[in-house]
There are 2 protein chains.
Amino acid sequence: MNETVDKPLRDRQATEARILAAAKRVLAEDGFKLFGINAVARRAGCDKQLIYRYFGGLSGLLEAIGSDLGSWVKDHIPEDSGGMFLLTYGDLMERLALLFLDALLADPLVRQIAAWELAEESEPVRKLSEARSKALASWIERMGGSLQPPKGVDATVTNALIIASIQQMVLASVTSGRFAGISLKTGKDWDKLRSALKRIVHGVYG
Amino acid sequence: MNETVDKPLRDRQATEARILAAAKRVLAEDGFKLFGINAVARRAGCDKQLIYRYFGGLSGLLEAIGSDLGSWVKDHIPEDSGGMFLLTYGDLMERLALLFLDALLADPLVRQIAAWELAEESEPVRKLSEARSKALASWIERMGGSLQPPKGVDATVTNALIIASIQQMVLASVTSGRFAGISLKTGKDWDKLRSALKRIVHGVYG
DNA sequence: GCCATATGTCACTGGCCGGTGAGTAGAAGG
DNA sequence: CCTTCTACTCACCGGCCAGTGACATATGGC
């Protein structure tokens, strides 16, 4: 009946992992407003003292989350990107925009971090934000590859605007389900947004 | 020496106005995270009990702020919009986008409300958010006027995306001064963003 | 002048927060 | 068996919060 390997009651590694997982869950599910030492400890089922001992408090915990965030790219982006060699720059950016939209829609943790960045400026949040930004940049660069944007277009700023519009829409959809008069609830709503997005991208990149 | 009209020590109207002004200042300057009964009372220099009596607590206070928000349009938008009759729809949207950008950059209160919408979903915030959304919609409609968008373009969704990109950029600039790898600090940064924005608008609206 | 009421203040409760020092219990080594 | 170290828990602190009931004082009608 008994497992040969009993659950060790005292296992620092396991406890650290439990705390980190609890922290990510609290942030993703309850939001950054409710995120705190007490909430994480409660969710992890251990005393908050352990968070101070193992992670050095909230800031250390956020750094640990930030480190994990590097894997976001691998989790959400198709690695091989097969057949991409035949795309124009506009096609590439369209694909990137749609991937970013779906990735953000599927990942509440990253959404919360994105919202947190806009709400507060503090050292821990800045670090977390930087980790996300770095992951995002490496992702864009990886996809950009060999293709060159059309001349006369500031691709960096333009792409930032496109990413910005997507992020704002997704964040607004979660809290209010709408933005600037349009609804953002059903799959149909998102399809309309996707096609408008495609038009914008191809409009600017030809 | 004495003024003929002495300052009345007990003046409900004046006190209400002082509380409302204090609330707006707290929200605009300290952010929604620090916004609360105590903070507002402290800033207004009166007891928090008065906030409960005169406004019915935080939610009533937020509704009062929302009502004031209707004047946002009048404050920031040139009323006559002279010479607009000769613009194309693309020119119109370009003008609208740039106006919205500058208005948001200049108004910390509205920025905070916009950020609050993204951070929290609660009844009071929802109402405040609706007031802002309504003001925004009436503004767009007023400017839209007689011009029709090109056929085959979903102008509502497209415009929402443009507004979203601007809002995200402005909110990000305040807390972190950057977004998606671009800097958002100097006037030059914003000029680059403005020209990219123009290109996008004219790209999609021809 | 007198009193009712509107206006404003004070003191308090209960709850949650981040943070800390002291104590407990299991595991490892002799 | 006994010590020693490590993992872990408990109880507490001060501070801030929202909210409330009791109290003080000015104002205006009579």
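Taking one quarter of the surface of the convex hull spanned by the alpha-carbon atoms of the stretch B:12-64 gives a direction-averaged projected area of 3.0 nm². Mean residue ellipticity, 222 nm, helices only, chain B: the sum of -39500 (n - 2.57) across DSSP H runs of n ≥ 4, divided by residue count and rounded to 500, is -22000 deg cm²/dmol. For the segment B:128-134, counting C-beta atoms of other chains within 10 Å of every residue's C-beta and taking the mean gives 2. Simple point charges give the picture: +1 on the Cβ of Lys and Arg, -1 on the Cβ of Asp and Glu, and for the protein assembly as shown a dipole about the Cα centre of about 260 debye.
Which whole number gives the average count of other chain Cβ atoms within 10 Å of the Cβ atoms across peptide B:56-62? Partner-chain Cβ atoms within 10 Å, mean over residues of B:56-62: 0. Counting only alpha carbon atoms, the long axis of helix B:187-205 and the longest principal axis of chain B meet at about 50°.
Against chain A, whose longest principal axis is taken from its Cα atoms, helix A:89-106 shows a tilt of about 30°.
All Cα-Cα separations within the protein assembly as shown were binned at 20 Å from zero, giving a P(r) of 24, 51, 22, 4, 0, each value a whole percent of the pairs.
Projecting the Cα atoms of A:Ile163, A:Gln112, A:Val174 onto the dipole axis of chain A, where Lys and Arg carry +1 and Asp and Glu carry -1 at the beta carbon, places A:Val174 farthest toward the positive end.
For q = 0.13, 0.16, 0.17 Å⁻¹, what log10 I(q)/I(0) does chain A give under the Debye formula with an equal point scatterer on each alpha carbon and no solvent? Taken in order of the listed q values, log10 I(q)/I(0) reads -0.82, -1.08, -1.17. Dividing the mean sequence gap of close Cα pairs (under 8 Å, 6+ apart) by how many residues chain A holds gives a relative contact order of 22 percent. Between the Cα long axis of helix A:12-25 and the first principal axis of chain A there is an angle of about 40°, rounded to the nearest 10.
Neighbouring Cβ atoms from other chains, within 10 Å of the Cβ of residues in B:192-198, number 4 on average. In the stretch A:141-194, one over the average inverse separation of all distinct C-alpha pairs is 13.0 Å, which is the Kirkwood hydrodynamic radius.
The lysine pair count for chain B, using Cα distances under 17 Å and pairs eight or more places apart or on different chains, is 5.
Seen from a random direction on average, the alpha-carbon convex hull of the stretch A:84-198 projects onto 8.1 square nanometres.
Only the coordinates and a few stated rules stand behind these numbers; no lab work does. Predicted model, so just to flag it, every value in this text is computed and none were measured. Don't worry about glycine lacking a Cβ; one is built from the backbone with ideal geometry, like all the others, and counts go over all protein chains shown.
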